[in-house]
């Protein structure tokens, strides 16, 4: 009898040893569909759900943060200048068990400000049981695209120059970020940028004359050197060093 119980115990142990571990269900959602979900939460201002789709220490390089930023910094910038995004034509670059990369066409639209299309690369990582974005970036934007700040030279407090993708820019004065003091368009030729204002918050300040500067990237920002300037407001304020903001 004792031998019988020993045999039964051995059989039970063997069956336990060969039992396959339970595998949690895998979400079959494609990475392209996941990216579309990111766009939906972005556009509906469900920012908590938007942030949940990014990994720890993720970075975002999109129009609100053209030089790249963390998710919280990006969302703060987006709140100041909201716009919508969409992603189409997804392509798989590579796929590994815990890492992947895709490319898609991004369309970013802010009525009256810009409507641009760019190819973006998205790096994915398997984290906490799901695919999350580790980095989303546009590699073709020139180095001068970004947000730049300097102290106002004529009592403005500070000047913030936002050079946006899609050849538009906006200038904010002091700490008033609600409405830009000026908006305009720019062109690039090598390291030369030409600014042309298209509107001013105060009509008496509007000057349509263009102004050209050479620019050089520095460790913490950029330096503008005046070449030719027909706008009196910019002529007194633009030349010199600017600090990178985002």
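Observations on the model:
- Using alpha-carbon coordinates, inclination of helix 31-43 to the longest axis of the chain, degrees: 50
- Relative contact order for the chain: 12 percent, from Cα pairs under 8 Å spaced at least 6 residues apart, divided by residue count.
- Matching label, Kirkwood radius over Cα pairs in Å computed from the structure shown, candidates [x] 18.5; [y] 22.2; [z] 21.0: [z]
- For the chain, the longest principal axis of the Cα atoms and the long axis of helix 71-80 meet at an angle of about 40 degrees.
- Estimated FRET transfer efficiency (residue 76, residue 103; beta-carbon r; R0 25 Å; 0.05): 0.35
- For the stretch 36-93 and the stretch 146-183, distance of Cα centres in Å: 23
- Rel. contact order, % - alpha carbon contacts under 8 angstrom, at least six apart, the stretch 146-244: 20
- For the chain, the 222 nm mean residue ellipticity estimated from helices alone, with every DSSP H stretch of n ≥ 4 adding -39500 (n - 2.57) and the total spread over all residues, rounds to -6000 deg cm²/dmol.
- Relative contact order (%) - criterion: Cα under 8 Å, at least six apart; region: the stretch 82-215: 12
- Helix 2-17 axis versus longest C-alpha principal axis of the chain: approximately 20°, rounded to the nearest ten.
- Across the stretch 146-244 the C-alpha pair distances fall into 5 Å bins from zero in the proportions 3, 13, 25, 30, 21, 7, 1, 0 percent.
Bear in mind these aren't lab numbers, they're just calculated from the coordinates by the rules spelled out. Quantities reported herein were computed from a predicted structural model and do not represent experimental measurements. Positions of Cβ are backbone-derived with ideal geometry, glycine not excepted, and every protein chain shown enters the neighbour counts.
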